[in-house]
Amino acid sequence: MTGEPIRVHRGHMRDPHALYQALRTQGPVRPAMFHSRLKGWLVTGHAEAKRLLGDPRLSKDSARALELFPPGAAGAYASALSAHMLNSDPPDHTRLRRLVNKVFTAGAVARLRPRIEQIAADLLDAMPPRGTADLIEVYAFPLPITVICEVLGVPDGDRGRFREWSKPFVGATDPGQLSRAQEELTAYFSTLVAAKRATHGDDLLSDLTRVSEAGDRLSHAELVSMAFLLLVAGHETTVNLIGNSVLALLSDPGQMAALRADPSLLPGAVEEFLRYDGPINIATVRFTTAPVPVGDVEIPAGEFVMISLLAANRDADRFPDPDLLDLTRPAAGHLAFGHGIHHCLGAPLARLEAEIALGRLLDRFPAMTLNADPATLQWRDSTLIHGLHSLPVRLA
């Protein structure tokens, strides 16, 4: 039984878990209307989400998806910058991911640890030893944006603009802001890619201009959209992972004390944070290319399927007591980074940054507390990103 389409509006983003808990009692999939314009199917069950994330009958081809959007509803998805690896199917996706995998390796990520530790230390040193601070502003945002900009080879003086540039692509905005951001980002990355081709540096973007597979190379347009994807995905996910994790700990003093008492729990704790309140709400756009049965319904061909990673990770059929934060829980199997061929390329980097950021923060400020009523915290206006606008804390 599917019932009437559930209207998913921006107010739900303040407490999406309440919505998903109610929906799961009615079944793992429901027809839905997003922001009153985009029709699709909302998936909330873990087993169904995992299967659909890997189902080849669900396409991510951006050109074909644009034909399904209502007039004027595609927003950031219509941007040429969105025609990247994440919004493509095999064989194009296979080709692009293979080329990127040649330079974005596990070894390359592991070698970043000392630099990430230094960035974290510098940011903590700049914070007052006591008093109040907005942890998003002074720590959760600057750490990953500094890391990904250094990885890509973005000059120091240009990094401040990326926060405003990326916002229209991951949240609600007016068409004018989106158009300006698209134009400015395209021009910026086009110039930067050309500079990297001319003078190779010791950075990922320079490496991408040179990498080849049997003579195949990334075109200029592919490099521009790839740089955009790596920049936005490379900091948005980690900003919200750090912020959501700190809020979860501040809301549960017992778990906070357990983690401080045993720092060896940290790697597993990061997995539980990802499961409990991950940085991505609804996965990026997919649509059916053939009828697909899900639960007791069949989704027709040519319809959008919105897979909620947040909902799947709180499914009691997969995780006992899912609304309980338990840093000793075996959280393997969560879908915070997706599943299948589009599993997040940057997951190892996000995990490493979160582990370092959280460990250093808890060590530096053992008496840190939340400096606001939890009910007053503002969540970002996005069905994609799940994160806070700000996180006021009292450091000591």
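The values are calculated or read from the model by the stated rules, or taken from the named source; none is laboratory data. Predicted model only: the values in this text are computed from it and were never measured. Backbone-built Cβ (ideal geometry, glycine too); neighbour counts: all protein chains shown.
Okay, here's what the table says:
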| read-out | value |
| --- | --- |
| Scope the stretch 331-367; condition in a loop (DSSP other than H, G, I, E, B) and farther than 21 Å from Ala257 by Cβ; matching residues | Ala332, Gly333, His334, Leu335, Ala336, Phe337, Gly338, His339, His343, Cys344, Leu345, Gly346 |
| Residues satisfying the stated conditions in the stretch 274-324, i.e. among the small types (Gly, Ala, Ser), touching a strand residue (DSSP E or B) at 6+ places or on another chain (Cβ under 9 Å) and either more than 15 Å from Glu48 (Cβ to Cβ) or surrounded by fewer than 22 Cβ atoms within 10 Å (Cβ to Cβ) (or both) | Gly295, Ala301, Gly302 |
| Selected residue (only one of Phe319, Phe365 is of a type in the set (Phe, Trp, Tyr) and farther than 30 Å from Pro56 by Cα) | Phe365 |
| Failed condition for Asp363, given (1) more than 14 Å from Glu236 (Cα to Cα); (2) buried (at least 17 other Cβ atoms within 10 Å of the Cβ) | (2) |
| Pick from the stretch 348-379, criterion touching a residue at least 12 places away in the same chain (Cβ under 8 Å) and among the polar types (S, T, N, Q), ranking: farthest from Gly107 (Cα to Cα) | Asn371 |
| Complete set of residues in the stretch 48-63 that are in a helix (DSSP H, G or I), modelled with pLDDT of 95 or more and surrounded by fewer than 24 Cβ atoms within 10 Å (Cβ to Cβ) | Glu48, Lys50, Arg51, Leu53 |
| Test: residue in the stretch 310-320 that is at pLDDT 95 or above, assigned to a strand (DSSP E or B) and within 19 Å of Leu23 (Cβ to Cβ) | no |
| Selection status of Arg159, over 21 Å from Leu395 (Cβ atoms), charged (D, E, K, R) and either assigned to a loop (DSSP other than H, G, I, E, B) or in contact with a Cys (Cβ under 8 Å, 6 or more places away or on another chain) (or both) | yes |
| Counted residues, the stretch 180-200 - those being under 13 Å from Leu81 (Cα atoms) and buried (at least 17 other Cβ atoms within 10 Å of the Cβ) | 6 |
| Given (1) surrounded by 19 or more Cβ atoms within 10 Å (Cβ to Cβ); (2) at pLDDT 90 or above, number of the condition Pro91 does not satisfy | (1) |
| Checklist (1) farther than 15 Å from Met306 by Cα; (2) at pLDDT 90 or above applied to Ser82, failing item | (2) |
| Top-ranked residue of the stretch 325-344 - restricted to ones that are more than 25 Å from Val246 (Cβ to Cβ) and not small (Gly, Ala, Ser), ranked as surrounded by the fewest Cβ atoms within 10 Å (Cβ to Cβ) | His343 |
| Candidate set: the stretch 170-183, residues that are modelled with pLDDT under 80 and not in a loop (DSSP other than H, G, I, E, B); chosen: the one nearest to the chain's Cα centre (by Cα) | Val170 |
| Hits in the stretch 181-206 (condition: out of contact with any Asp or Glu (no Cβ under 9 Å at 6 or more places or on another chain), under 26 Å from Val170 (Cβ atoms) and in contact (Cβ under 8 Å) with a residue 24 or more places away in the chain) | Gln182, Leu185, Thr186, Phe189, Ser190, Val193, Leu204, Leu205 |
| Residue in the stretch 94-132 that is surrounded by the most Cβ atoms within 10 Å (Cβ to Cβ), counting only those that are outside any helix (DSSP H, G or I) and touching an Asp or Glu at 6+ places or on another chain (Cβ under 9 Å) | Phe104 |
| Extreme residue, nearest to Met226 (Cα to Cα), among residues of the stretch 184-215 that are assigned to a loop (DSSP other than H, G, I, E, B) and of a type outside the set (Asp, Glu) | Val211 |
| Residue list for the stretch 73-93, filter: in contact (Cβ under 8 Å) with a residue 60 or more places away in the chain and not in a loop (DSSP other than H, G, I, E, B) | Gly75, Ala76, Tyr77, Ala80, Leu81, Ser82, Met85, Leu86, Asn87, His93 |
| Any chance Gly40 is part of a loop (DSSP other than H, G, I, E, B) and small (Gly, Ala, Ser) | no |
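The rows are residues; the columns are (1) under 20 Å from the mean Cα position of the chain (by Cα); (2) over 22 Å from Gly171 (Cα atoms); (3) free of Cβ contacts under 8 Å to residues at least 12 places away in the same chain; (4) surrounded by 13 or more Cβ atoms within 10 Å (Cβ to Cβ).
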site: Ile6; (1), (2), (3), (4): no, no, no, yes
site: Ala22; (1), (2), (3), (4): no, yes, yes, no
site: Gly27; (1), (2), (3), (4): no, yes, no, yes
site: Ala32; (1), (2), (3), (4): no, no, no, yes
site: Leu38; (1), (2), (3), (4): no, no, no, yes
site: His46; (1), (2), (3), (4): yes, yes, no, yes
